[in-house]
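Peer 1: I have a structure I would like to understand better, so I am pasting it below and will then ask my questions one at a time.
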Amino acid sequence: IKEYMEVSGVKFIKPAVPTKIECIKAAENGEAPELRVTFNQDGEEKTETYNTVLFAIGRKPLTEKVNPDAIGLKYETNGKVPVNEREQTNVENVYALGDIIKAPELTPLAIQSGRLLAKRLFGESQVLTDYRNIPTTVFTPLEYGSCGMSEEDAITQYGEDNIEVYHTKHTPTEQVVREPSERDGYNYAKLICLKTENERVIGLHYLGPNAGEITGGFALGLIMGASKSDFDRLVGIHPTSSEVFTTLKVTKRSGDSIEDEDC
């Protein structure tokens, strides 16, 4: 993703920590302001001038604001509240979900968890939230989507000998009609399979256009316990980027080329 954005003209300054922002020229007559940004890079103080500064600072639970100590509710220094698989805290009748617990900070996940918790509390269902097979996408210029485990986590939990990784590099359909020198992206698709369970797919990763649509669709397969052979049996829609998941043959351990042929 970084390489793709750099080719598109985005300049990355790393590692760097901003320490001060000063307005040296206010916006006027429709012109953008000038902002001097001071940052620390490798122990050296540097400055750059920009017209826009965007902060992506994340979220912080304000747990202390609700006085959890009054009921003996345990929480960590970062505000996160430990819960069990039923979103139950150390206080039996207190539950927590969403961004306040150790889980991906995703709005759809919080909504789904809340729905399932309500159904359990009122006796309608006993279904738990699946915190492992959560489809998510990073909407960078070259989109990235994933569901399930990363390759590193899979190896740590099951051992490298029990993991088979299938992957490929593929030119997106919308790029095929261009000359190779004019193409500005490619797909990367990867399935992480557990060999001891008939190559059950425990991780799916995709880099390319429409990552959200593709990842969201295949996520159901992971939830249902689909194996690599199930993906192989699936008839892909041609020409689409998603069909690469139905034709994966090269394993990472083989070391073979993953350069795919054009449409």
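Peer 1: Run THR136 past the list (1) farther than 19 Å from GLU213 by Cβ; (2) surrounded by fewer than 20 Cβ atoms within 10 Å (Cβ to Cβ); (3) within 12 Å of the chain's Cα centre (by Cα) and report the number of the one that doesn't hold.
Peer 2: The number of the failed condition is (1).
Peer 1: Mind telling me which of the residues GLU44, GLU64 ends up being modelled with pLDDT under 95, touching a Gly at 6+ places or on another chain (Cβ under 8 Å), open to solvent by 70 Å² or more (accessible area, probe 1.4 Å) and among the acidic types (Asp, Glu)?
Peer 2: GLU64
Peer 1: Right, next: Would you pick out the residues in the stretch 12-49 that are closer than 28 Å to ILE1 by Cα and aliphatic (A, V, I, L, M)?
Peer 2: Correct list: ILE13, ALA16, VAL17, ILE21, LEU35, VAL37.
Peer 1: What is the residue count in the stretch 210-253 for residues that are polar (S, T, N, Q), under 22 Å from GLU152 (Cβ atoms) and under 18 Å from the mean Cα position of the chain (by Cα)?
Peer 2: 1
Peer 1: Among residues belonging to the stretch 141-159 that are farther than 30 Å from VAL94 by Cα and within 11 Å of the chain's Cα centre (by Cα), point out the one that is surrounded by the most Cβ atoms within 10 Å (Cβ to Cβ).
Peer 2: GLY145
Peer 1: Kindly establish whether GLU174 is modelled with pLDDT under 95 and outside any strand (DSSP E or B).
Peer 2: Yes.
Peer 1: Within the stretch 228-245, take every residue that is open to solvent by 20 Å² or more (accessible area, probe 1.4 Å) and of a type in the set (Val, Ile, Thr) and give me the one that is nearest to GLY212 (Cα to Cα).
Peer 2: Pass one, the stretch 228-245, residues open to solvent by 20 Å² or more (accessible area, probe 1.4 Å): 229-230, 232-240, 242-243.
With the extra rule that they be of a type in the set (Val, Ile, Thr), the set shrinks to 235, 237, 240.
Values: VAL235: 20, ILE237: 17, THR240: 14 Å.
Across the stretch 228-245, the extreme among qualifying residues is THR240.
Peer 1: Same structure, new question: Restricting attention to the stretch 189-220, and to residues there that are part of a loop (DSSP other than H, G, I, E, B) and closer than 12 Å to TYR144 by Cβ, which single residue is most open to solvent (accessible area, probe 1.4 Å)?
Peer 2: It comes out as ASN210.
Peer 1: So how many residues does the stretch 181-231 have that are of a type in the set (Asp, Glu) and touching an Asp or Glu at 6+ places or on another chain (Cβ under 7 Å)?
Peer 2: 1
Peer 1: Run down VAL91, VAL127 and say which single residue is of a type outside the set (S, T, N, Q), in contact with a helix residue (DSSP H, G or I) (Cβ under 9 Å, 6 or more places away or on another chain), modelled with pLDDT of 95 or more and open to solvent by 30 Å² or more (accessible area, probe 1.4 Å).
Peer 2: That would be VAL127, the only listed residue that is of a type outside the set (S, T, N, Q), in contact with a helix residue (DSSP H, G or I) (Cβ under 9 Å, 6 or more places away or on another chain), modelled with pLDDT of 95 or more and open to solvent by 30 Å² or more (accessible area, probe 1.4 Å).
The values are calculated or read from the model by the stated rules, or taken from the named source; none is laboratory data. Just so you know, these numbers come straight off a predicted model, no measurement behind them. Heads up, the Cβs are rebuilt from the backbone with ideal geometry, glycines too, and the neighbour counts pull from every protein chain shown. For accessibility, only protein heavy atoms count, side chains too; no ligands or nucleic acids. Shrake-Rupley method; radii C 1.70, N 1.55, O 1.52, S 1.80 Å.
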